[in-house]
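Take a look at the structure set out below.
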Amino acid sequence: MKSDLKRISKFLSLVLRHQPEKIGLTLDSQGWANTQELLEKINKSGTALNLATLQEVVGNNNKKRFAFNPDGSKIRASQGHSIQIDLGYTPTQPPEFLYHGTATRFLESIQQDGLNKGARHHVHLSKDLPTAKSVGGRHGVPVILTIKAQAMFDDGCKFFVSVNGVWLTDSIPVKYIEFP
Ligand code: HQG
């Protein structure tokens, strides 16, 4: 059952962040899908999913990756998109330091160019070290970079925090990165 929920979570990430067209779904400009339509199209595409299970995936997801709107009629991913949408988050003052977990094999390039958002909308940052370490571990031997977020903010850079607590910014020049 647990692995079923994980499989569904991964499939939701795919259609709500990257390829809604894969099941003929359209997201609105803020990334919301109609909940009923999502269920219908997922079922049509061959994955059995009912509302109760969808609610379980949203509620129990370890990173709270997905959220319903207040009346539950719409659902979206809270961050991590590669398609162009506007999540509508308000610019927010960050703590003095935030953390970015990456892999040692990227260090040389990051030392050269700073942190880029790559295929995603933003560079993703964590407020705690364990999260950063597990994010970095997805790519190889993890290494944690300390980001001088307050200094960036003071210099006019915008930060956003997603409803599931991931800090987002456009890019991070080398001068704001502390390497271990
Ligand atoms: C690296 C997961 C070389 C960057 C996580 C990262 C997160 C560079 C990789 C969310 C670079 C991109 C995002 C440069 C950045 N040279 N490498 N100049 N600039 N990089 O997956 O931050 O589980 O797009 O360090 O928890 O790893 O999907 O980003 O290693 O919140 O919900 O390029 O995805 O959330 O990798 O992860 P990603 P990320 P979910």
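Brief remarks follow.
- Alpha carbon centroid spacing (whole Å) that separates the stretch 111-180 from the stretch 23-93: 24
- Relative contact order of the chain, taken over Cα pairs closer than 8 Å and 6 or more residues apart, is 21 percent.
- Under the Karplus curve 6.51 cos²θ - 1.76 cosθ + 1.60, θ = phi - 60°, whole-Hz ³J(HN,Hα) for the stretch 85-99, x wherever Gly or Pro sits: 9, 10, 5, x, 6, 8, x, 9, 6, x, x, 4, 10, 10, 10
- The long axis of helix 51-60 is offset from the longest Cα principal axis of the chain by roughly 20 degrees.
- Proximal lysines relative to K175, as straight alpha-carbon distance under 21 Å, when same-chain residues fewer than 8 apart are discounted: K117, K127, K148, K158
- The radius of gyration of the Cα set in the stretch 91-135, together with its Dmax, comes out at 11.4, 32 angstrom.
- Between N164 and R120, the contour length at 0.36 nm per residue exceeds the alpha carbon distance by 14.2 nm.
- By the equivalent-ellipsoid construction on the alpha carbon gyration tensor, the chain comes out with semi-axes of 32, 17, 14 Å, ordered largest to smallest.
- Counting only Cβ charges, +1 for Lys and Arg and -1 for Asp and Glu, the dipole size of the chain around its Cα centre is about 600 debye.
- CD proxy at 222 nm, helix term only [per DSSP H run n ≥ 4: -39500 (n - 2.57); per residue of the chain; nearest 500]: -8500 deg cm²/dmol
- Taking the charge dipole of the stretch 29-179 about its Cα centre, with +1 at Lys and Arg Cβ atoms and -1 at Asp and Glu Cβ atoms, the residue from L87, P173, S45 reaching farthest to the positive side is S45.
- Distant-in-sequence amide contacts of S78, defined by a placed amide H-H separation under 5 Å and a gap of 5 or more residues or a different chain, comprise F66, A67.
- Taking amide hydrogens as placed 1.01 Å from N in the peptide plane, the amide H of G114 sits under 5 Å from those of V174, each at least 5 positions away in sequence or on another chain.
Every number in this text was worked out from the coordinates using simple rules, so none of it is lab data. This one's a predicted model, so the numbers in the text were calculated from it and none came from an experiment. Neighbour counts run over all protein chains shown; Cβ positions are idealised from the backbone, glycine included.
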